[in-house]
Amino acid sequence: MTAPLLEATGLGKSYGTLVALKPSDLRLNRGEVRALIGSNGAGKSTLIKCLTGAVTPSGGSVLLEGKPLPLGQPGAIIRSGVSCIYQHSNLAPMMSVMDNISMGRQPTRFGFVDRKTQRTQVQDLLARYGIDLDPDALVGTLPTVKQKEVEIAKALAQDAKVLLMDEPTGWLAVSDVRRLHETVRLLAAKGVGIIYISHMLDEIFAVCDSLTILRDGEVVTERAVDRISRTEVVAAMVGERLARESLAAADSGRKATGSGEVRLSVRGLGRRGVFRDISFDLHAGEILCITGLIGSKRTEMIHALFGSAPHDAGEVLLNGKRLVPRSPAWGMANGIGLVPEDRQHEGLMLGMPIRDNLVMTTLRRFHRFGVLRPRGIDRSVSSLIAALNVQPPRPAQLVGRLSGGNQQKVLIGKWLARDPSVLILDEPTVGVDVGAKAEIYALLRAARDRGMAVLVVSSDLEEVTTLADRIGVMNRGRLLSLRPAAGITRPELVAEIGADA
Amino acid sequence: MTGLMTRAAPHALTLCVIAFVMILAVLEPAFLSGSNLIGILRAVSLVGIMALGMTFVIMTGGIDLSVGPVSAIAGLVAYFALVAGHGLVAALLAGAGLGLLIGIANGLLVASLGLPAIIVTLGTLSIVRGSALLLGGPDLHGIRDQAAYSFIGSGAIYGIPVPVVIFLVLAAMAWLLQSRTPFGTLVAAVGDNERAAWLSGLNVTAIKAATYGLCGLLAAIAGMIQSSQVHTASATYGKFGTELDVIAAVVLGGTQLSGGAGSVARTLLGVLFLGLLNNGMNILNLSIDIQLIAKGAIIALALSLAARRTG
Amino acid sequence: MAHHDDDQPMTGRRAVLKALTLAPAAAAGASAGMFGSIDVKTGRPIMTRAAAQDGERVKMAFIQWMPHTVPNAWSQGIAEVLGTQNVIDYELLDGQGKVEVQVSLMDTLINDGTSVIFLQPIDSVALAPSIAKAKREGIAVITLNIDATEPHAAHVEMNHYYGAMEIARVMGEKMGGAGKVAILNAPPGIIIRDQRTNGFVEGMAKHHPGIEIVADQVADWDRKKAQDVLNTILAATPDLGGVYGVNDSMALGAVDVAKEKGLLGKMVIFGNDGEKDALASIEASELTGTQYTDVFQQGRFAAAAATVLATGLVSADAFGQQGRVLMPYLIATADNVGQIQPNQRW
Amino acid sequence: MPSLSSRLTLPVFFLAVLAIFCLIAPNFASAGNFENLMAGYAFIGILAIGQSFPILLRGIDLSVGAILALVGMCIFDLSLMFGVPGWAILPLALLVGTLAGVVNGLMVTVLRLSPFIATLASLAAYRGLVYAISGRQLVPELSTKPITDRWITGFETYFDLTRVLGLKGVVKLPWVPLSFLILLGTLLVFHVLLAHTRFGRDLYAIGGNPEAARLAGIKVGRLTVAAYAISGLCAAIAAILLVARLTTSTEGLGEGIELTAIAAAVIGGFSLTGGTGRLLGSVIGTFLLGIVLIGLTQMGISPFVQQILTGLILLVAVGNDRLQTLRADRQRARALGEVPA
């Protein structure tokens, strides 16, 4: 066996007495795509941070092509050939693709940037890896998937031999995910070693060669993907018991039209150039999932229902009464709640404590003559934290310091606290680990069983098939189909989602 | 050492205040005399009142540079109302109302049109100053024989100057507003994440306009107190630099210019710190050059200590 | 009680009245002496622009230091005289307290065909190049209060240095030649501040060496700031015997404090300028005194000179040097303040 | 690059305002007036260029006025108190300004102060330093003595370009002040630096996304210090020009001028959120403010009304900028088939 491309030995990190990562080994070969998975808190992000230099490991060493990696120095690590593509954008939006790709390393002649050489270099690079980008386009004007490609190209321009990809498909559409996967395979074929971090098992089985599973700060499984089953993966990640429970819950009774009472009725809803002819009924006590590609205008449609985006045709009836959505405040006053997709930018106040975030939507219940009643707030917050199982369960904890899963729980919790009659959720489990996912599903099912009408927009087919009582498919701004979830198979869904309408 | 620094950091300002008081008390025992301490409060009362409003504006991620001219025009309007014989209450309401209106106009420009606050309020600074000068000219308008109005600035209740009493009452109200009412939380929410606040059903435009309105109102109150204190109304009062003093007090108190969480209580500490600094250097009869250099250095130092907390 | 030595300022009723009756004569005389200016390099006399252009409207402008009572009163005095001539357009421009703004305004006025520029320079040297430029264009410049190092048509000055010295003398006498004094000062950056401070400090040293200046603190020309600063100074020096405010606003701030603390009458407080509020305060036995100058009259002098210059009746050859009027002043105290007539109060 | 139309908005607006004043303000369209404009606003243009750098990095420099005064007072002292020859003073003056900028930069990077506060503190401290070293206070006689050193006063020179171009008698063009040529030179040098060197690209990268820039191996701290140093350097150049124009310096020099410089840069297209803007815009922004003030003065508009109009223009300028951004966003969204919620 040849020497591995990257070899980490005994890499560990502890903060005082708290061990975030027990001494672990990781080997990555040239051209290998290695999945790195585990629940939040499993030590995954600590391992990545050790490799990018964001944290200095307490022990162990990493060899890249036999040479030691300068641990704890992000800049030096990048220069030695280990790059990371983060979930959030790492680009300068007002600069061109070309300048972003060669950021900080434009070729110069007599001290001036040599545009011609820079252009040639960038074009060569893009051609070599088969990435199709306009070097002069402003990055801020590109769609998300293209921006991810710019980031990949940028990493490659820095002669990356190892690419860490942290949930690269988080907010990508299905077709874009496929496109990105092709790029990943192409890179692997060129000998780049890739560490691919994702919560989506579908993706892992589609694109990775091997996987490493972490739990409780240590590596529990390391195997080639064709020698492990999904159930085994889930079991390894969350432990046997939780895995069984979540499977059981998925198969528990589906109620196709809930209690039968129509709560929200949408008739011919449309917005010029965006979506049209959207008609459906949402019943009390059901979970309706709407899936489709990103760009199929699901998000715009639900925002129109909530009042945070306009519509110009059709009507919305709530409990048979006609409504004209105007603003989020209006939507809330009528008992509608919306959990937005991007929790960091649209959902939460990251610099504020859990307590303030959880009462954000219900604040006006907690004051007497304009003065807040702290005791009432505290009672409500602690019961919510308990119900949501937020970790750590401290109301004063800043939300920005929570893991993705716990942030998402707080976000959903702040809407559940209002007990809306209609709750709309946009991609409720993006970037959330399997354990937290199961908990969120349980919360949603409990809400449904209390009689809430739940509308979920999701691109995660596993989620859709697990959670939904009914499934709708949107494509290019139209609702293609709507039927009971029981009996729909995943291949059928895939075919419908991608159909050329 | 580093650990100690990190732990001390949140209290950097408090520690600075204590250290400063101790040093001054040794250098000049008169510093701790009751009359001097009241003098400090009296000196900071106007900047302090403006800083209360500015805290809310800065919590939303905004800034208000126009407080100086707003205070001037409010004093002027109150003066004209008094002279026209409309009575004390009407005069005060006129001045306060104008400040409130200018503030709300600022807020609407910032919030509903999405313009950068620093430029908008720089614009209104110019507009309000020009308007004040058109209204009152460069003259000093002496306020005479208005005992009730003069009492606001020059009177005393149980030996405590009325401006100090007003300042403390307003401070208590602002503190309640910020920490004990929904408004405080909402303002912080808007400053932390505006889009999320909107999607949570908050009326972002109204909240922002309210903070600027409050800031304008408090600037107007400060302006009227000043005109009463000096028995004069003039369009040239609240001159350039007032707004920077006010902002410095708020930021010293730990409210970030980028918005989000903030605290009226800590702003008060910032106000007090600046007041101590000015008073201490005056009482030691330091020359203006040393005063300015020391002031700059101490502000930079105190804040850089506090910055380690977030570090 | 009144001194009549030549080197003493006119004090007492007669002197004031004399100064006032002199005014028209002084104006005419001054304007005659200040008609044109001499180009320093060539020695060639130059005519003012307006003199050459008969029958047209004549433009005059006043560039002030910043909006303030003194330049405002000047402007009123100027406008009063110029208003009698209906061919003159007069405007007031604001230097915003910045030399560079004044220089830019000078440039604009020069280009704009102005005949006479009244200027209250912030600095003697900084405005000199602009004045030279104006002269090259045949524009007469009349400076108010602060002279420029470049010779120009005329200078009408409030007597800062000697006035402040005189204040020191009178103040010392009122204090009985002993005690502690504080100065409420302006920040550096304008020359009158330096002249007044130096005059006062040197006057004290000369006339009353027994008086100690214990504090010299900046109160930004501002009454409110002066109150706070004096409060602080009093904490450290409770036995303060006198306060000198470099302008009246600051002195009135000191009066406010004295009133509040019941020190009225125990503390000698002097201001400078002589604006109407200060005079009223003296009459109410609050402020001890101030240096009063009839600023309206100062403006009238300047305007009278300008009118003669603009009509161009006198040949510039007649005079070899810049006209200069040092305004008579009065150290106004409770004894003599009543002599200042209501229409002389600004 | 932003679209052509958005890049042309400011110049077109500028020319329109210029044309209007030429038509309605008496004596505005004269050679002498343009001379005044160039001479009176060149140094502010240089300050605006300097100010653009911190703003590009999401910062701000409130201390430029105080640095201007500090450098001015150094020139004053060196020339009048110590009799140092002008050729030796000039490099020292540039050094003082740059160092003052470096201190600002270090406060932002090392002490991690917000730029607003760091430069607010240094504004006070530098002004205090000016008072402390003021030759006018130390040797009062000097306050009426002009600086006569040709090396310094020589900056206040005008060139008759009409004659140079051989157009004498054909058209009457304004004489061009040396200070304006220096402004053009400064603009050219810093424009090339910003647009065509790695240094400049790195600055845009930091302004656009500091974290990304850091990970790309860009020395963010060092470049931030450099940006504030450039601001200080520009303040020093402006100080030299201003001292040459005034033949002296005062303690109050440049008070409040930072707000003019910031306004000029923002009108010129430097967004306070960083990462975008062009230096030519800052210079055009400066002269836009200049022609408005001079034009209004010539029309005999009261200075009080002028203040109101200046404020309104500022609001219109940012409003227009905002409108452009919104329009661009909408176009982009349409191009991508996404309409922002």
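Which residue, of B:L286, B:L292, is part of a loop (DSSP other than H, G, I, E, B), within 11 Å of chain D (Cβ to nearest Cβ) and free of Cβ contacts under 8 Å to residues at least 24 places away in the same chain?
Residue meeting the stated conditions: B:L286.
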| Somewhere in the range B:200-209, is a residue outside any helix (DSSP H, G or I), buried (at least 24 other Cβ atoms within 10 Å of the Cβ) and among the hydroxyl-bearing types (S, T, Y)? | yes
Of the candidates C:K224, C:K180, the one satisfying the condition of being within 27 Å of B:A43 (Cα to Cα), surrounded by 22 or more Cβ atoms within 10 Å (Cβ to Cβ), more than 14 Å from chain D (Cβ to nearest Cβ) and of a type in the set (K, R) is C:K224
Residue hits (the range A:436-464; more than 28 Å from A:R271 (Cα to Cα), in contact with a helix residue (DSSP H, G or I) (Cβ under 6 Å, 6 or more places away or on another chain) and surrounded by fewer than 23 Cβ atoms within 10 Å (Cβ to Cβ)) are A:A438, A:Y441
Scanning the range A:101-115 for residues that are more than 8 Å from chain D (Cβ to nearest Cβ) and buried (at least 23 other Cβ atoms within 10 Å of the Cβ), the one farthest from the chain's Cα centre (by Cα) turns out to be A:S102
Notebook entry, point to check: Got at least one residue in the range C:83-104 being polar (S, T, N, Q), without any contact (Cβ under 8 Å) to a residue 24 or more places away in the chain, within 18 Å of D:I301 (Cβ to Cβ) and crowded, with 20+ Cβ neighbours inside 10 Å?
Noted result: yes
Filter the range D:182-199 for residues that are without any contact (Cβ under 8 Å) to a residue 60 or more places away in the chain and closer than 12 Å to D:G45 by Cβ; the one that is nearest to the other protein chains (Cβ to nearest Cβ) is D:G185
Over the range B:101-124, the set of residues crowded, with 24+ Cβ neighbours inside 10 Å, modelled with pLDDT of 95 or more and aliphatic (A, V, I, L, M) is B:I102
Original post:
Does the range A:145-155 contain at least one residue that is over 30 Å from A:L47 (Cβ atoms), surrounded by 15 or more Cβ atoms within 10 Å (Cβ to Cβ) and in the same structural domain as A:K22 (by TED's automatic domain parsing)?
Top reply: no
*Somewhere in the range D:126-138, is a residue buried (at least 22 other Cβ atoms within 10 Å of the Cβ), more than 9 Å from every other protein chain (Cβ to nearest Cβ) and under 20 Å from the mean Cα position of the chain (by Cα)?*
no
Condition first: surrounded by fewer than 24 Cβ atoms within 10 Å (Cβ to Cβ), at pLDDT below 95 and of a type in the set (D, E). Can you find one or more residues in the range D:240-253 that meet it? no
C:A126 vs (1) more than 14 Å from chain D (Cβ to nearest Cβ); (2) not in a helix (DSSP H, G or I): all pass except (1)
Okay, helices (runs of 4 or more DSSP H) sitting entirely in the range A:393-501 with 1 or more residues that are under 23 Å from A:L282 (Cα atoms) and polar (S, T, N, Q), I get A:461-467
Apart from one, (1) of a type in the set (A, V, I, L, M, F, W, C); (2) buried (at least 23 other Cβ atoms within 10 Å of the Cβ); (3) more than 18 Å from A:A153 (Cβ to Cβ); (4) in contact with a strand residue (DSSP E or B) (Cβ under 8 Å, 6 or more places away or on another chain) all hold for A:I48; the odd one out is (2)
inquiry  = Can you confirm whether A:L63 is touching a residue at least 24 places away in the same chain (Cβ under 8 Å), in a strand (DSSP E or B), hydrophobic (A, V, I, L, M, F, W, C) and surrounded by fewer than 21 Cβ atoms within 10 Å (Cβ to Cβ)?
reply    = yes
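Yes/no matrix, rows are residues, columns are (1) under 27 Å from A:L51 (Cα atoms); (2) part of a helix (DSSP H, G or I); (3) without any contact (Cβ under 8 Å) to a residue 12 or more places away in the chain:
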position	(1), (2), (3)
A:I78	yes, yes, no
A:N100	yes, yes, no
A:Q123	no, yes, no
A:L126	yes, yes, no
A:E149	yes, yes, no
A:P168	yes, no, no
Out of (1) modelled with pLDDT under 90; (2) over 17 Å from the mean Cα position of the chain (by Cα); (3) crowded, with 22+ Cβ neighbours inside 10 Å, the one A:L384 does not meet is (1)
In the range D:139-166, anything outside any loop (DSSP other than H, G, I, E, B), among the hydroxyl-bearing types (S, T, Y) and more than 8 Å from every other protein chain (Cβ to nearest Cβ) is listed as D:T153, D:Y158, D:T162
Picking from B:I207, B:I221, B:I225, the residue that is more than 16 Å from the chain's Cα centre (by Cα), over 28 Å from B:L301 (Cβ atoms) and not polar (S, T, N, Q) would be B:I207
Checked against (1) under 30 Å from A:T429 (Cα atoms); (2) outside any helix (DSSP H, G or I), A:L71 satisfies every condition except (1)
Here, helices (runs of 4 or more DSSP H) confined to the range D:182-250 with at least 2 residues that are within 15 Å of D:L68 (Cβ to Cβ) are D:220-246
Of (1) modelled with pLDDT of 85 or more; (2) more than 10 Å from chain B (Cβ to nearest Cβ); (3) within 29 Å of A:S459 (Cβ to Cβ); (4) out of contact with any Gly (no Cβ under 8 Å at 6 or more places or on another chain), A:L358 fails just (4)
Condition test on D:L173, is it in a loop (DSSP other than H, G, I, E, B), within 11 Å of chain B (Cβ to nearest Cβ) and either more than 22 Å from D:L279 (Cα to Cα) or within 23 Å of the chain's Cα centre (by Cα) (or both)?
no
Those residues of the range A:290-322 which are in a strand (DSSP E or B) and more than 22 Å from A:R470 (Cβ to Cβ) amount to A:A313, A:K321, A:R322
Residue hits (the range D:102-122; assigned to a helix (DSSP H, G or I) and facing chain B (nearest Cβ under 7 Å)) are D:M107, D:F116, D:I117, D:A118, D:L120, D:A121, D:S122
Counting only residues that are within 14 Å of chain C (Cβ to nearest Cβ) and of a type outside the set (D, E, K, R), the range B:225-276 contains a total of 22
The number of residues in the range D:256-280 that are assigned to a loop (DSSP other than H, G, I, E, B), more than 14 Å from chain A (Cβ to nearest Cβ) and in contact with a Gly (Cβ under 6 Å, 6 or more places away or on another chain) is 1
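The values are calculated or read from the model by the stated rules, or taken from the named source; none is laboratory data. Small disclaimer: the values here were computed from a predicted structure and weren't measured. For neighbour counting, all protein chains shown are included, and Cβ atoms are generated from backbone atoms with ideal geometry for every residue, glycine included.
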